[in-house]
1. Whole percent per 10 Å bin, from 0 to the bin with the longest distance: what is P(r) over all C-alpha pairs of the chain?
2. In Å³ and rounded to a whole number, note down the convex hull volume per residue for the Cα atoms of the stretch 7-69.
3. Using Cα centres only, tell me the gap between the stretch 93-111 and the stretch 1-42 in whole Å.
4. In the stretch 1-75, what % of DSSP beta bridges are antiparallel (nearest 5)?
5. Restricting the count to DSSP beta bridges whose residues both fall in the stretch 3-126, what percent are antiparallel, rounded to a multiple of 5?
Ligand SMILES: [Zn+2]
């Protein structure tokens with residue numbers, strides 16, 4: 001997937017187009033991705049510690065996470081962000097994941113979400 005394809009995919013999926021995305025061929029020991037609200041910029045660090053690129057699922061997951069921050073900061077009416085990973089964020093992120101994978105969220109992503117517990121609430125309610 002090229003950077004342009006990735007951006008188009010994210011835009012079509014969310015219906016939101018006012019963000020910038022930079023996919024860097026770099027390893028960042030702290031983050032896979034970052035989002036800068038004032039400049040609406042998503043930065044993704046594509047390389048693992050061993051210099052190899054992260055897999056597509058990991059890339060998508062990271063992009064959707066940062067995109068969820070963008071939507072949270074700029075596209076939810078009558079809502080002000082108090083904490084980045086609040087319930088609003090989780091809902092937006094979960095919706096994006098479900099939409100992207102058409103309900104079939106890959107096992108590795110689900111495993112990670114379960115492990116870190118961040119998204120327990122929204123996922124429970126999304127399981128039908
Ligand atoms: Zn985050």
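Nothing in this text is a laboratory measurement; each read-out follows from the coordinates by a stated rule. Small disclaimer: the values here were computed from a predicted structure and weren't measured.
1. Each 10 Å bin holds this share of Cα pairs: 12, 45, 37, 6, 0.
2. On the way: hull volume 4.8 nm³, N = 63.
In the stretch 7-69, the Cα hull volume divided by residue count equals 77 Å³.
3. With the stretch 93-111 and the stretch 1-42 each reduced to a Cα centre, they are spaced 18 Å.
4. Working: 5 of 10 bridges.
So the antiparallel bridges amount to about 50 percent of the total.
5. On the way: 5 of 10 bridges.
Taking every DSSP beta bridge with both residues in the stretch 3-126, the antiparallel ones total about 50 percent.
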